[in-house]
Every structure is written in C-alpha cells, then in structure tokens.
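Below is one structure; the comments refer to it alone.
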Amino acid sequence: MLNIVDLEKRWFIYKLKSYIPHLSILISLIVIISIFLAFSRASQDISQLTITPTVAPIIVKKETLPVKEPVQATPKAVVKIEPVEVLKQEPQLLHDNNRVKLSPSLGFMRKMQGSVQPYYKNDLEYKGQVQEQAPAPITEVVEQEVIVPLSTLEAEPEVKKISIKRQNTQNDIYEIIARFKKNNNPALSLFVAKKYYELEDYQQAYNYALITNKINKEIESSWIIFTKSLVKLGKRDKAITTLEQYIKQSHSSGARILLDEIYAGKFK
Amino acid sequence: MNSIFVNSKDVFLDIVNAKDYIQLDRVSTIYQALKNSIKKPLKMILLYGKPGTGKSMFLNKLHKDLSSSQKVYLYQTPILDESEFYKTLAQDLFETKYSGELNFTQFMKIVKSQDNEEIPVVLLDEAQLYSEVLMEKIRLLSDTRTVKFVITLHKTEKEDIIAKEHFQTRIWETIELENASSGELKIYIQKKLMKANCFDSANMFTNKSVNKIHKITNGNYRDTNKLLYTLFDLYAAYERNQQLSSVKTDQVSNKLIEMSAIHTGLIHA
C-alpha cells in the first residue's frame with residue numbers, strides 16, 4: 001500500500017533540491033551581472049575623469065594663441081608702442097615712399113592645415129578672421145624691428161628702414177596645391193589661381209581657375225580669374241564668349257563689368 | 001469493476017511471459033536475426049545485454065515460437081549443480097533417466113549414443129550464474145554439434161571477460177540487446193497498454209511524459225515496467241482517496257512520475 005502523504009513530502013523535498021542548481025546559477029548570474037555593471041560604471045567614471053584633463057590643455061592653448069602675450073611682454077619696454085604706430089602707418093607709406101612693399105602673408109594658410117577644411121564660404125569667413133587678427137603678425141614683425149632701432153634709432157634716426165621680408169610665396173602656393181590635391185577644395189584651387197594671377201603666371205592661373213570651375217561652376221571670382229587669364233594669354237575672343245555664356249547663366253554683375261572693360265579695351 | 005488505473009497497473013507487472021512480448025522494429029529485427037542464427041550450423045549463440053533489456057523475454061518468445069517446429073528446451077533458472085545439470089539435460093533431451101551422480105564423461109557417452117537427426121536447442125537464461133568449469137563443459141558439449149545452445153549473459157565487466165575467454169575465439173553468433181530509445185519506449189508502453197485494452201491510459205502518454213520516463217529509466221524495460229506499475233498504483237490510490245482532481249489525468253502527471261521514481265528508488269530523494 002502506497003503512503004501518498006509521505007511520498008508527496010519526499011517529492012516536495014526532491015523538487016526543492018532539484019531547484020538548488022538552477023537557483024545557484026541564477027544567483028551567480030545576478031552576481032556576475034551586478035559586478036560587471038559596477039565595473040562598467042567605474043570604468044565610465046574613469047573615462048570621464050581622463051577626458052577632463054585632456055580638455056584643459058586645449059583651453060590653455062587657446063589662451064596662449066591670442067596676442068595677449070606679446071602685449072603682456074611690452075611692459076619691458078614702452079618703446080614697443082611706437083613701432084606699432086609706425087606700422088599702422090605703413091599702408092600710407094606705400095603711397096608716400098615706394099621703398100616698402102607690403103603683400104599679404106600666407107603664413108595663416110599653415111594654420112589652416114591643422115584646422116577643419118574650409119569650404120568656399122568658410123574661406124570667406126576665414127578671410128574675415130584673418131583681417132581681424134591681422135595685427136598679430138604685424139606685432140611679431142615689429143618686435144624684430146624694434147631690436148634694431150633700439151640700438152640705432154637714437155644714433156641714426158634718418159636711416160630708419162622698415163624691411164619686411166616676404167618669404168616663400170611660391171612655397172605657400174605649393175603647400176596649398178598639395179592640400180588641394182588631398183581634399184579637392186575649390187576654395188584652395190581658386191586661391192592658387194588668384195595667387196598665380198598675381199604672380200603673372202597666367203597659364204597656371206588659367207589652369208587652376210579651370211579646375212575650380214570644374215569642381216564648382218558657380219564661383220564668380222573663379223570665372224573672372226579664368227577669363228582674365230585668357231585675356232592675358234591673348235585669347236580675348238575666347239574670354240569674351242566664356243564671359244557671355246557665364247553671364248547668361250548667372251547674371252553676374254562682376255562678370256558683366258569685366259566684359260564691358262574687355263570690350264572697351266580697358267582690360268588687356 | 002476495476003478502474004482503468006488498476007487494469008493499467010497490472011499490465012506492467014514484471015512477469016516474463018511470451019504472450020506479453022511487444023513487437024518493436026529494432027527488437028523484431030534482432031529477433032529475426034536470432035531465429036535465422038538458430039537455423040545455421042552454429043554451435044552456440046550468445047545473447048547479451050544489460051539487465052532489463054529483454055533477454056529473458058527473447059528466450060521465452062523464441063521457445064514459444066520454435067517449440068512447435070523443433071526440440072527446444074528452456075532453462076530459465078540456472079542448474080548450478082553439475083551432475084544435476086547433466087541429468088536434467090539427459091532426461092529432457094534424450095529421455096534418459098539416470099539415478100545417482102552423472103559426470104561429464106558419462107553424459108558425453110549418452111550424447112554420442114544418440115542418433116537424432118534433429119539437433120535439440122537448449123536455451124540457458126542467466127548463464128553468467130554458471131561456473132566457469134561448467135561453462136567450459138557446455139562449450140565442449142556444443143563442439144560435438146549434438147546440442148545447440150543459446151545462452152543469455154548480463155553485460156557487465158565480469159561477463160565481458162567470460163565472453164571474451166569462452167566465446168570470442170569460437171565462430172559463434174553474438175547478439176546484443178540494448179535499452180529502448182525514447183520513441184521505442186513510447187511504442188512499447190502504448191502497445192502494452194492497448195494490448196490489455198487500456199486505450200485511455202495509452203493516450204495519457206505524450207512525448208513529453210515518455211521523455212521524462214526515458215530520462216529516469218534510461219529506456220530500460222524492467223525499470224520502465226517497475227515505474228509504470230507504481231505510477232498507475234499511485235493513480236489508483238489517488239482515485240480511492242478521491243484526490244484525482246489534484247493530479248493530471250488527461251496526460252501523465254510529471255509529479256506522479258517523479259513520485260513513482262522516488263518510490264521505486266530510481267530517483268534518490
């Protein structure tokens with residue numbers, strides 16, 4: 001005769017025992033997961049902590065960039081104020097004395113290499129920034145100048161010469177060409193075209209303006225440089241037809257003025 | 001009138017009876033192979049397997065099937081005394097009664113004096129219980145080709161050694177019986193129940209419940225019979241106590257399977 005009550009008790013104990021492995025696995029899983037979560041949180045905290053020091057140096061760098069440092073250095077000699085005034089008059093000197101010839105520095109282009117690649121519009125903004133920051137390089141030059149005059153100004157005030165060496169314009173162009181080859185930014189090719197035009201290398205100016213037009217056919221200044229170069233290369237007719245076609249498409253006033261000048265023979 | 005659970009319980013009584021033999025595909029193939037082997041001029045056929053794999057049932061079935069067509073003698077219980085063994089064989093096989101001690105030499109004389117065309121078949125169950133000396137003499141006796149032996153052995157390490165030493169050097173047929181697979185076990189249970197007209201009970205066995213039983217018994221027929229006997233005994237007890245509503249009846253309750261296993265010692269709780 002079966003003792004059902006006793007058997008049920010034994011069965012209940014057996015069931016309880018059979019759940020022990022499952023329970024232990026569950027508990028160990030929970031423990032593992034909680035340890036993992038705690039560890040991941042801790043690692044997140046560490047990563048946040050490690051990020052903050054990296055931000056700090058950047059801020060320091062930004063602080064060092066502005067012209068404040070040279071200004072702070074000026075208390076050494078109040079004389080520095082004088083050259084600044086002299087330099088501010090330099091553009092006037094261009095007209096008064098032809099001895100000094102100023103041309104824009106291309107040094108800023110090197111800075112562009114490290115920064116975000118500017119597109120056409122950004123380039124314009126960048127130019128604006130350059131204009132605002134223009135005094136910075138001037139002061140650097142001035143510091144070099146100051147050293148000389150300090151010893152000589154008192155003795156020979158009449159020999160006062162300002163010689164600003166424009167260094168490596170050609171190298172700057174090559175750097176920009178190299179950068180252009182990397183990223184095909186039409187702003188860069190346009191800059192090169194303009195630069196070559198200024199250097200009177202009209203063939204190269206034509207080439208780079210053409211490249212710029214191929215990349216972006218809506219840049220007015222590129223078409224203008226292109227047609228100007230054509231005129232300079234003796235291809236006046238081609239320049240006229242190009243301009244006419246461009247005016248038809250874009251209704252560019254700049255192109256219209258240039259076309260009128262070419263027709264009138266003002267631009268040769 | 002007995003309930004279906006009581007009737008079902010009786011189906012699984014552990015009795016070796018040829019009429020309870022259940023035809024399974026794999027088992028049938030083996031059985032047919034055994035029958036064919038007996039027709040061959042083999043001296044001895046070894047039937048081995050773990051306890052509860054149906055060796056005894058095989059011998060019973062074989063005895064029942066062959067007894068109508070040829071001389072077959074089944075010895076389910078081993079005759080451990082050597083003289084008694086020879087005397088029994090002499091009497092059964094050759095109808096020679098012998099009073100007093102009968103040794104192997106005397107028995108061999110009797111055997112050789114017989115001129116029977118038909119070779120008698122002797123079925124020896126639980127042959128692992130015979131002494132090694134007697135087993136050697138049985139082998140010598142079978143070498144005379146005057147008696148054909150079919151013996152069953154439990155497949156344990158010890159019996160393996162016996163088999164290796166005494167049988168493997170001879171050209172004898174060896175047939176191994178194995179435990180049932182889960183599918184075979186389901187067929188076995190259902191066929192057994194349906195044979196006894198317990199159709200409702202047979203329908204209670206789903207694949208899930210049979211898998212559970214198979215997991216507990218490892219497909220061993222004897223253990224399965226034991227387990228199912230207790231299972232239906234439990235059902236009957238619940239029925240008597242009017243607690244049947246507390247357990248599943250549309251299919252076999254896992255709880256009752258486990259309880260039966262605990263009761264029969266198949267699960268150690």
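Assuming R0 = 60 Å, what is the FRET efficiency of A:LEU29 and B:ALA33, from their Cβ-Cβ distance, to the nearest 0.05? Walk me through the numbers before you get to the answer.
Details: r = 51 Å, r/R0 = 0.86.
Once the sixth-power term is evaluated, E becomes 0.70.
Please give the average number of partner chain Cβ atoms lying within 10 Å of the Cβ of each residue in A:10-21, rounded to a whole number.
Values: counts 6, 10, 3, 2, 7, 3, 1, 2, 3, 0, 0, 0.
Going residue by residue through A:10-21 and averaging, the value is 3.
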Measure of exposure for B:ASP223: accessible area at 1.4 Å probe, Å² rounded to 10, is 40 Å²
With the label point 7 Å along the Cα-to-beta-carbon line of B:GLU118 and a cut-off under 15 Å to each amide N, the hits in the range B:32-49 are B:39
In terms of the alpha carbon gyration tensor, root eigenvalues a ≥ b ≥ c, rounded if a/c is under 1.5 and otherwise prolate when a/b exceeds b/c or oblate, the range B:1-158 is prolate
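At 25 °C and 0.890 mPa s, what whole-number value in µm²/s does Stokes-Einstein give for the translational diffusion of the range A:168-268, with Rh from the Kirkwood sum over Cα pairs? Please list the in-between numbers first.
Details: Rh = 13.5 Å.
Estimated diffusion coefficient is 181 µm²/s.
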Restricting to Cα pairs under 8 Å and 6 or more apart, the percent relative contact order of the range A:168-268 works out to 18 percent
The rounded separation in angstrom of the Cα centers of the range B:1-24 and the range B:223-263 is 16 Å
For A:TYR202 the rounded accessible area (nearest 10 Å², probe 1.4 Å, non-protein molecules ignored) is 50 Å²
For the table B:LYS35/B:LYS226; A:LYS9/B:LYS226; B:LYS43/B:LYS192; A:LYS9/B:LYS9; B:LYS64/B:LYS192; B:LYS35/B:LYS87, the rows whose alpha-carbon distance is greater than 25 Å are B:LYS35/B:LYS226; B:LYS43/B:LYS192; B:LYS35/B:LYS87
Rounded to the nearest 0.05, FRET efficiency between B:LYS40 and B:SER182 (Cβ-Cβ, R0 22 Å) equals 0.05
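Listed here are the pairs A:LYS15/B:LYS248; A:LYS15/B:LYS155; B:LYS19/B:LYS212; which of them are more than 25 Å apart at the Cα? Don't skip to the end; give the middle numbers.
Working: A:LYS15/B:LYS248 18 Å; A:LYS15/B:LYS155 34 Å; B:LYS19/B:LYS212 28 Å.
Checking Cα-Cα distances, A:LYS15/B:LYS155; B:LYS19/B:LYS212 exceed 25 Å.
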Taking every other residue with Cβ under 15 Å from the Cβ of B:LYS192 and scoring Lys and Arg +1, Asp and Glu -1, one gets +2
Expressed in square angstrom to the nearest 10, the accessible area of A:THR242 with a 1.4 Å probe stands at 20 Å²
Distance in nm between A:ASN171 and B:LYS195 label points, each 7 Å along Cα→Cβ, equals 10.6 nm
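Please report the relative contact order for chain B, taking Cα pairs under 8 Å with a sequence separation of at least 6, and give it as a percent rounded to a whole number. Display every interim value, and only then the final one.
Values: 363 pairs, mean separation 75.9, N = 269.
Relative contact order, chain B: 28 percent.
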In nanometres, the difference between 0.36 nm per residue of separation and the alpha-carbon distance of A:PHE36 and A:GLU218 is 59.8 nm
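The values are calculated or read from the model by the stated rules, or taken from the named source; none is laboratory data. Since we're looking at a predicted model, the values are computed, not measured. No Cβ is skipped: glycine too gets one built from the backbone with ideal geometry, and neighbour counts run over all protein chains shown. Accessible surface is based on the protein model in full, side chains and every heavy atom, while ligands, DNA and RNA are left aside. Shrake-Rupley method; radii C 1.70, N 1.55, O 1.52, S 1.80 Å.
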